[in-house]
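> Questions regarding the structure given below will be posed in turn.
The values are calculated or read from the model by the stated rules, or taken from the named source; none is laboratory data. In this text the structure is predicted, and so the values were computed from the model without any measurement. Every residue, glycine as well, gets a Cβ built from its backbone with ideal geometry; the counts of neighbours run over all protein chains shown.
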Amino acid sequence: MHRFYALQLAPTLFGEWILIAEWGRIGSPGAVRQKVFQSVDLAKAALARRQAVKIGWGYRQLPQSSA
C-alpha cells in the first residue's frame, strides 16, 4: 500500500504559525491535522521532530518544488 505524508508551515493572520500535516493513501483524500504555535522557532522545531519520526518510519523526503 502506497502512502504519503506531507508537512508544511504557514503563518496565520494573528502572528502565529501553523504546522499542517496531511497523510493517507496515494490517490485518495487524506486526513489533515493542524497545530498552532506562538513563534516560527517553535513551529520549525516541531516540524523537524515530526520529519525525523516519519523518516524513521521509512518515509522519504522529496525535493521541494519551486512554486
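> Name every residue in the stretch 41-62 that is within 17 Å of R3 (Cα to Cα) and not hydrophobic (A, V, I, L, M, F, W, C), in order of residue number.
Within the stretch 41-62, R50, Q51, K54, G56, G58, Y59, R60, Q61 qualify.
> Right, next: Which members of the stretch 11-67 meet the condition of being among the charged types (D, E, K, R) and in contact with a Gly (Cβ under 7 Å, 6 or more places away or on another chain)?
Residues of the stretch 11-67 that are among the charged types (D, E, K, R), as a first pass: 16, 22, 25, 33, 35, 41, 44, 49-50, 54, 60.
Answer for the stretch 11-67, where residues must be among the charged types (D, E, K, R) and in contact with a Gly (Cβ under 7 Å, 6 or more places away or on another chain): just E22.
> For the stretch 1-25, name all the residues that are touching a residue at least 24 places away in the same chain (Cβ under 8 Å), exposed (fewer than 10 other Cβ atoms within 10 Å of the Cβ) and among the aliphatic types (A, V, I, L, M).
M1, the sole residue that qualifies.
> For the stretch 28-64, name all the residues that are basic (K, R) and more than 12 Å from the chain's Cα centre (by Cα).
Let us first name the residues in the stretch 28-64 that are basic (K, R), namely 33, 35, 44, 49-50, 54, 60.
If the condition is that a residue be basic (K, R) and more than 12 Å from the chain's Cα centre (by Cα), then R60 is the only one that fits.
> What number of residues within the stretch 43-67 satisfy the criterion of being of a type outside the set (D, E, K, R) and either touching a residue at least 60 places away in the same chain (Cβ under 8 Å) or in a loop (DSSP other than H, G, I, E, B) (or both)?
Let us first name the residues in the stretch 43-67 that are of a type outside the set (D, E, K, R), namely 43, 45-48, 51-53, 55-59, 61-67.
Applying the additional criterion that residues be either touching a residue at least 60 places away in the same chain (Cβ under 8 Å) or in a loop (DSSP other than H, G, I, E, B) (or both) yields 57-59, 61-67.
The number of residues fulfilling the criteria is 10.
> Step by step: first the residues of the stretch 26-40, then only those that are modelled with pLDDT of 95 or more and either in contact with a Phe, Trp or Tyr (Cβ under 9 Å, 6 or more places away or on another chain) or closer than 13 Å to Y5 by Cα (or both), then the one that is surrounded by the most Cβ atoms within 10 Å (Cβ to Cβ). Which residue is that?
Of the stretch 26-40, the ones modelled with pLDDT of 95 or more are 31-40.
With either in contact with a Phe, Trp or Tyr (Cβ under 9 Å, 6 or more places away or on another chain) or closer than 13 Å to Y5 by Cα (or both) added as a condition, the list becomes 31-33, 36-40.
Numbers: A31: 8, V32: 11, R33: 9, V36: 12, F37: 18, Q38: 10, S39: 11, V40: 13.
Only one residue fits best here, namely F37.
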